[in-house]
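Read through the structure below, which is laid out as structure tokens, and then see the notes.
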Amino acid sequence: MPVPVNHSKPIRTTAKESAYKQILHWIIDGTLYPGEKLNDTELAEALGVSRTPVRESLQLLESQGLVKMYPGKATQVTEIEKESIKDLLPPLAVLQALSAELAIDHITRDEISSLKSINQEFAEALYKKDFHAALNIDEQFHQLIVDTANNSYIIDIVERLQAHVRRLFFHNSIILSESSIDVHDHIIRSIENKDKEKASALMKENWLEILKDFYLPDEVTK
């Protein structure tokens, strides 16, 4: 099983969390490809931890539908179902929209400045056609708003849903449109103006717009 070695190894006191995050990242970006069998001993050696935090991480990833464990046989990365985006995006869009609405009650000037800076970086990445970076920066933009909403239940559910969405993005080579730059600007402006209704509507629209990039050929012609 090919496992990268050029990465930071987790600190022992946070071995489980670090192992989980690294394995999750490898699954999302395809380093650990769909259907690949996972060897907990090899993963433990690569991460510089014992097998226990790796096994615990794999159990958590199984509960999230990203790996499948067959007791006594094997553990495999789950296959990707492109059509699942139609089930993932609507609830994620609603939660992101709610986050934008709630964030207005907590957001600071520094956080608004951060959103503007992140969107500028997002624009630069798109102009350079560095779409991998653009995806990561786009996630930073939305995550800051989710975190600012200060609702642990939303944060937890969004994290689970977004892991699957990111994986679909990477494997289907989704290219974010430059129109998202302006949408982000409008979202920031509506948050600044404390316009909850508009911020919520813009955020929901921003996420649901992505669906058109996932339509299957026979559906486009309908």
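Exactly one of these conditions fails for Leu43: (1) outside any helix (DSSP H, G or I); (2) surrounded by 14 or more Cβ atoms within 10 Å (Cβ to Cβ). Give me its number.
So the condition that Leu43 fails would be (1).
Under 9 Å between Cβ atoms, at least 6 apart or on separate chains: pull out the pairs that start in segment 188-199 with a residue that is closer than 14 Å to Ser99 by Cβ and end on any residue that is open to solvent by 80 Å² or more (accessible area, probe 1.4 Å) and outside any helix (DSSP H, G or I).
So the pair list comes out as Lys196/Asp105; Ala199/Asn193.
Can you name the condition, by its number, that Phe131 falls short on among (1) modelled with pLDDT of 95 or more; (2) within 21 Å of Asn206 (Cβ to Cβ)?
Against the list (1) modelled with pLDDT of 95 or more; (2) within 21 Å of Asn206 (Cβ to Cβ), Phe131 comes up short only on (1).
What pairs come up if the first residue lies in segment 25-37 and is touching a residue at least 60 places away in the same chain (Cβ under 8 Å), the second is among the aromatic types (Phe, Trp, Tyr), and their beta carbons are under 8 Å apart, counting only those six or more places apart or on different chains?
Matching pairs, first to second residue: Ile28/Phe170; Asp29/Phe170; Gly30/Phe170.
Within segment 148-165, how many residues are buried (at least 19 other Cβ atoms within 10 Å of the Cβ) and over 8 Å from the mean Cα position of the chain (by Cα)?
Of the residues in that region, 3 qualify.
Residue by residue, here is whether (1) small (Gly, Ala, Ser); (2) part of a helix (DSSP H, G or I); (3) free of Cβ contacts under 8 Å to residues at least 60 places away in the same chain; (4) open to solvent by 30 Å² or more (accessible area, probe 1.4 Å) holds:
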| residue | (1), (2), (3), (4) |
| --- | --- |
| Pro91 | no, yes, no, yes |
| Ile112 | no, yes, no, no |
| Ser117 | yes, yes, yes, yes |
| Phe122 | no, yes, no, no |
| Lys129 | no, no, yes, yes |
| Glu139 | no, yes, yes, yes |
| Val146 | no, yes, yes, no |
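What number goes with the only condition from (1) at pLDDT 90 or above; (2) in a helix (DSSP H, G or I) that Thr14 does not pass?
For Thr14, the failing item is (1).
Identify, please: which residue in segment 57-89 is among the charged types (D, E, K, R), part of a helix (DSSP H, G or I) and open to solvent by 70 Å² or more (accessible area, probe 1.4 Å) and is, among those, modelled with the lowest pLDDT?
Taking the candidates together, the pick is Glu83.
Report every pair of residues separated by at least 6 positions or lying on different chains whose Cβ atoms are under 7 Å apart, first residue within segment 55-70 and over 15 Å from Ala44 (Cβ atoms), second part of a helix (DSSP H, G or I) and open to solvent by 50 Å² or more (accessible area, probe 1.4 Å).
Gln64/Arg160; Lys68/Glu62; Met69/Glu62
Test Lys21 against the stated conditions and say whether it is assigned to a strand (DSSP E or B) and at pLDDT 90 or above.
no
So which residues in segment 166-194 are hydroxyl-bearing (Ser, Thr, Tyr) and open to solvent by less than 80 Å² (accessible area, probe 1.4 Å), if there are any at all?
Listed by number, the residues that qualify are Ser177, Ser179, Ser180, Ser190.
The values are calculated or read from the model by the stated rules, or taken from the named source; none is laboratory data. From a predicted model like this one, the values you see are computed outputs, not experimental measurements. For neighbour counting, all protein chains shown are included, and Cβ atoms are generated from backbone atoms with ideal geometry for every residue, glycine included. These accessible areas exclude ligands, DNA and RNA; they are computed on the full protein's heavy atoms, side chains included. Shrake-Rupley method; radii C 1.70, N 1.55, O 1.52, S 1.80 Å.
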